[in-house]
Amino acid sequence: MSEKHLKAGDALPEFGGKLRLFAMRFCPYAERTVLVLNAKNLQYDIVFINLDQKPEWIYNFSPKGTVPALEYEQNKGIFDSNIINVYLDEKYPDVSLQAQDPLRRAQDKMIVEGFTGAQSAYYTAAFNSLALTPNMVETYHKSLEILQKEIESRGTKFLNGDSPGLVDYTLWPFLERFEALPLIGKTEFAIDKSKYEALVTYISAMKNAPAVKAYYLAAETHAKFIESRAKGDPDYNMLDTSAVCCMRPRKKKE
């Protein structure tokens with residue numbers, strides 16, 4: 001599937017009868033939904049869009065023009081990764097990604113909420129470095145420390161257990177991008193194994209999860225995109241001519 005990002009004036013591709021995801025290849029929020037689709041072995045099409053020159057039709061599926069947006073039936077869409085992912089998990093329950101215990105689901109949501117400080121620090125470091133403060137770096141590492149303690153206390157390979165779940169797929173896209181920060185000179189954001197041994201082990205395990213492996217981009221690639229965006233000319237189509245990944249895992253079902 002093409003990784004070209006469609007822009008204003010480009011036609012909406014013909015609907016193929018499958019779930020269809022509107023995304024941006026380097027968007028961590030869109031990646032969350034890609035991972036859920038992959039983990040649930042669902043067939044889907046994906047359409048990448050240029051977020052600086054948005055095609056007019058994206059607003060039919062996402063009122064603010066944000067991604068991800070999911071076309072669940074022709075011309076019918078829902079948006080926001082958290083809303084989409086819970087919908088997918090409940091609509092297609094064969095592979096359940098949420099904890100069955102209500103308390104554990106609440107705890108998972110608190111982990112995600114507690115991670116927002118690290119996400120905010122990432123965006124500042126990557127795209128507005130002049131606004132970066134020591135307090136943001138401290139918040140970033142505090143968030144990582146809390147996550148590591150949770151990983152250690154659960155004593156399982158993934159936060160969800162023996163296999164990744166919704167909580168893991170929600171956090172992962174940012175952990176994937178955090179590894180790019182030292183490559184753009186933000187060495188204070190490095191995830192040092194001497195300090196984060198359990199977290200580094202968890203990151204390694206996530207990289208090998210099939211749903212992640214099918215969509216993963218190396219830190220060097222993320223760094224290249226970050227640098228292009230920071231310069232005001234995001235290179236959305238840098239991957240269009242290379243077969244870096246497949247859009248779906250091998251096992252499929254309707």
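The values are calculated or read from the model by the stated rules, or taken from the named source; none is laboratory data. All figures in this text were calculated on a predicted structure; none of them were measured in a lab. Positions of Cβ are generated from backbone atoms using ideal geometry, with glycine treated the same way; all protein chains shown enter the neighbour counts. Just so you know, the surface numbers come from the protein's heavy atoms only, side chains and all, with ligands and any DNA or RNA stripped out. Shrake-Rupley method; radii C 1.70, N 1.55, O 1.52, S 1.80 Å.
General observations
- Build a GNM of the chain with springs between Cα atoms under 10 Å apart, and of 48, 61, 15 the one that fluctuates most is 15.
- Residue among 230, 198, 121 with the largest mean-square fluctuation in a Gaussian network model of the chain, springs linking Cα atoms under 10 Å: 230
- Database remark: amide H of residue 160 closer than 5 angstrom to the amide H of 165, 168 (H placed geometrically; neighbours at sequence offset of 5 or more, or on other chains; Pro and chain starts carry no H).
- For the chain, modelled as a GNM whose springs connect Cα atoms under 10 angstrom apart, the maximal fluctuation among 108, 168, 94 occurs at 94.
- Cα-based reach from residue 186 at 17 Å (exclusive), listing aspartates and glutamates while leaving out same-chain residues under 8 positions away: 138, 176, 220, 227
- DSSP beta bridges fully contained in the chain are about 55 percent antiparallel.
- Among the protein heavy atoms of segment 154-205, carbon and sulfur supply 47% of the accessible surface, probe 1.4 Å, non-protein parts ignored.
- Bridgeable lysines around residue 157 (alpha carbons under 22 Å apart, same-chain partners fewer than 8 residues away excluded): 40, 109, 142, 149, 193, 195, 207, 213.
- Interchain or long-range residues, amide H under 5 Å from residue 19's placed H: 45
- Entry comment: accessible area of the chain is 48 Å² per residue, from protein heavy atoms only and a probe of 1.4 Å.
- Surface composition of segment 1-149: carbon and sulfur atoms hold 51% of the protein heavy-atom accessible area at a 1.4 Å probe.
- Amide H to amide H, with H built 1.01 Å from N, residue 69 comes under 5 Å of 22, counting only residues 5 or more places away or on other chains.
- Residue-averaged 222 nm ellipticity for the chain, from DSSP H runs of 4+ at -39500 (n - 2.57), nearest 500: -13500 deg cm²/dmol
- Under 20 Å from residue 18, Cα to Cα: aspartates and glutamates that are on another chain or at least 8 residues apart: 3, 31, 45, 71, 73, 80, 89, 90, 94, 254
- Highest to lowest packing among 152-163, 23-34, scored as the average C-beta count within 10 Å: 23-34, 152-163
- Reducing segment 192-221 and segment 71-89 to their Cα centroids gives an inter-centroid distance of 27 Å.
- DSSP H segments from the chain that extend 24 Å or more along their own axis, Cα-based, with Kyte-Doolittle mean of -1.0 or above: 134-154
- Segment 168-189 versus segment 13-33: alpha-carbon centroid distance in Å: 22
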